[in-house]
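This report refers to the structure that appears directly beneath it.
The values are calculated or read from the model by the stated rules, or taken from the named source; none is laboratory data. This structure is a prediction, so every number in the text was calculated from the model and none was measured. Every residue, glycine among them, receives a Cβ derived from its backbone with ideal geometry; neighbour counts consider all protein chains shown.
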């Protein structure tokens, strides 16, 4: 990170330079500008810079266009597209989080059922100590029951954090100020 970039980051500024506005958008997306997907590289660039800037500092995207098309209102197009795109991404993250929690609840129900059956089977095997491998089977069944709890515990303890962080990142970027600076080509 250069000294200029560090100074801008301290003020929440994310600077992106493009030739024209179309470079900001995914070239394979046929929708009009406000509904178009942003280019994956641009999204990753904005996201990575946003994560470098402390959360208490408001973000500002400064898009510098070196070869603008004369007929476009770049400020309105870019601002609307950036806000719409990141709002959509935040909504997708929110939905993904809800699906994960639903999967976690189902996994917990299955895991608790398997664990209850394993405890019952383990106790039943414990009552048959005259069998040669009763103790081994008892422990094996009990361990299997606890293993069935692995996935719900993983979901509820660890898997939701990255989705929450991703959603907050998208919401923060969605709410950032957007400024478009047009630099007309230099006369030769």
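Any idea how many residues of region 49-65 are farther than 18 Å from residue 166 by Cα and loosely packed, with under 15 Cβ neighbours inside 10 Å? Break it down stepwise before answering.
Initially, region 49-65 is screened for residues farther than 18 Å from residue 166 by Cα, giving 60-65.
Add one more test, that the residue is loosely packed, with under 15 Cβ neighbours inside 10 Å, and what stays is 64.
Qualifying residue count for the region: 1.
Being surrounded by 14 or more Cβ atoms within 10 Å (Cβ to Cβ) and in a helix (DSSP H, G or I): is that true of residue 122 here? Can you show your working first?
Details: surrounded by 14 or more Cβ atoms within 10 Å (Cβ to Cβ): yes; in a helix (DSSP H, G or I): yes.
Answer is yes for this residue.
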Quick check: is even one residue across region 156-176 within 30 Å of residue 48 (Cβ to Cβ) and outside any helix (DSSP H, G or I)? yes
Return the residues of region 132-155 that are outside any helix (DSSP H, G or I) and either in contact with a helix residue (DSSP H, G or I) (Cβ under 7 Å, 6 or more places away or on another chain) or within 30 Å of residue 51 (Cβ to Cβ) (or both); say none if nothing qualifies. 148, 149
Kindly list the number of the only condition in (1) modelled with pLDDT under 80; (2) in contact with a helix residue (DSSP H, G or I) (Cβ under 8 Å, 6 or more places away or on another chain); (3) not in a helix (DSSP H, G or I) that fails for residue 34. (3)
Does region 38-80 hold any residues that are farther than 21 Å from residue 168 by Cβ, touching a helix residue (DSSP H, G or I) at 6+ places or on another chain (Cβ under 8 Å) and part of a loop (DSSP other than H, G, I, E, B), and which are they? 39, 68, 69, 72
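Listed residues 88, 83; which is at pLDDT below 95, more than 26 Å from residue 183 (Cβ to Cβ) and in a helix (DSSP H, G or I)? Break it down into steps so the answer makes sense when it comes.
Details: 83 fails: more than 26 Å from residue 183 (Cβ to Cβ).
It is 88.
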When you look at residue 129, is it loosely packed, with under 12 Cβ neighbours inside 10 Å and either touching a helix residue (DSSP H, G or I) at 6+ places or on another chain (Cβ under 9 Å) or part of a loop (DSSP other than H, G, I, E, B) (or both), yes or no? yes
